[in-house]
Every structure is written in C-alpha cells, then in structure tokens.
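Let me give you the structure first, and then I'll get to my questions.
Bear in mind that the values in this text are calculations on the coordinates, not laboratory data. Just so you know, these numbers come straight off a predicted model, no measurement behind them.
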Amino acid sequence: MSRELRRQYGTIKSPWPDYAVYSFPDATRVSPAEQRPLMDAMNNIIAVNWQAREPHWTPASSPFDRKFSLILVYDASGLVAFSVYRKLLIAGRPAIYRSGTEVLPAHQGRGLYGFFTTEILRSLGVADSGDGGILYGWRTRNPIVWATNARICEQVTPSLLGTAQDPGLQAACVEMCTLLYPGKSLEIPGMIMRGA
C-alpha cells in the first residue's frame, strides 16, 4: 500500500504489532492507481488458498464497487489478508454479506478471521449495541468457516446440525441470494448455488 493511501486512511487499531489494518466502508475510496495492484494481491491470496486458475476479482467484477466495503491487513511484505463485505437491507432488516475473506496460509491461526468478523459487525453497530437483530450471510465450502460463523448466530439456514429450518430465515436467505446472484438457481433447503 502506498504512502498516499496510508496518509489518506487511518488504520484500525491492530491487536498485532506486526500488522497494519485498513478499513474502507466505501471501497471506491481506494484510489484508481491503487486498485489494480491491490486486486492482483487479493487474487494472489485466493490463488494460493484455492489453487485458482483464473482471477476471482477482475475490472468487470471489481471489489472496488460502491456496494462493497473492505478491510485489508498488511505486514512488512505486503497484503496478507483481506475481507470484502456488503451491507444490505433484507426482509426489512439490516444485513451483512461476507463476499470473501482470505488469509495467506503463513498468517492463518492468528485470529484474523474472527477479527474481520468483529470489525464487520461493528460497522453496523452490533458490537456496541448488543443488538443481534441483523441478518448475517456468507458463502463457503469450508465446514470450519461455517461453524465459526454459525457460532455467533441465533439460527442458521441451512443447519448442518439437523435442526428445524425457520421459514422466515429461509425466505430471507432466498431474498439475499436473489439480490446477490440474480438469475442463478438456488437449491432449497440446502441453499446450494452452483456456478456462482
């Protein structure tokens, strides 16, 4: 990250002395000159974690759209972790959708995913008010990520634990998926969306 960007945006207080953390509630605030190198760094982390052959983020599908917010974590070598998320209104309630969180393997196990979650929820005032009345969505193939996120929720759909499905929560999930991935088919009750 350039000095210009560091001057322009303050850091979130980092619990780690070797990390600098930057928050962008509006991802368009990342300057155009910074966007391409940052997108490349994000795609490089995704490629390491998922053996991706094609970039996930592209100029046509950019994380620097106004609908996204970003949290970036740097060490002396560069970007080591990031989280992209969206604030939405679903079923008349505030909602957060985790569009992607990635941490380089050498930095996993230090609590970065939980740190991102806390900061994202704080962005809606949840951590300060104690109000659990928001909807929280994520998409994952990783059972550890599912369990980590499910732990902070009152109810989850789909429940991997075999508990009864809440029709209102299921309807909110369908609404969120329709908004985020228009035209894509959603398999209910498993909430599986292939090819998205």
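Please compute the Kirkwood hydrodynamic radius of region 37-98 from all pairs of different C-alpha atoms, in Å with one decimal.
Mean inverse Cα-Cα distance, inverted, gives 13.0 Å.
OK, next. If you average the sequence gap of Cα pairs under 8 Å that are 6 or more apart and divide by the length of region 30-149, what percent do you get for the contact order? Don't skip to the end; give the middle numbers.
Details: 133 pairs, mean separation 23.1, N = 120.
Here the relative contact order equals 19 percent.
Ignoring everything except DSSP H segments at least 4 long, calculate the 222 nm mean residue ellipticity for the chain; use -39,500 (n - 2.57) per segment, divide by total residues, nearest 500.
-9500 deg cm²/dmol
I've got another one for you. Find how many whole Å separate the alpha carbon centroid of region 170-196 from the alpha carbon centroid of region 76-95.
19
Per residue and in Å³, how big is the convex hull formed by the alpha-carbon atoms of region 99-161?
Dividing the Cα hull volume of region 99-161 by its residue count gives 99 Å³.
What lysines does K184 reach when the alpha-carbon gap must be under 21 Å and sequence neighbours fewer than 8 apart in one chain are set aside?
K67, K87
Here's a follow-up. Could you give the alpha-carbon Rg of region 42-169 over 2.2 N^0.38 Å, rounded to two decimals?
Ratio of Cα Rg to 2.2 N^0.38 Å: 1.11.
Specify the angular offset, from 0 to 90 degrees and rounded to the nearest 10, of the alpha carbon long axis of helix 167-180 from the longest principal axis of the alpha carbons in the chain.
40
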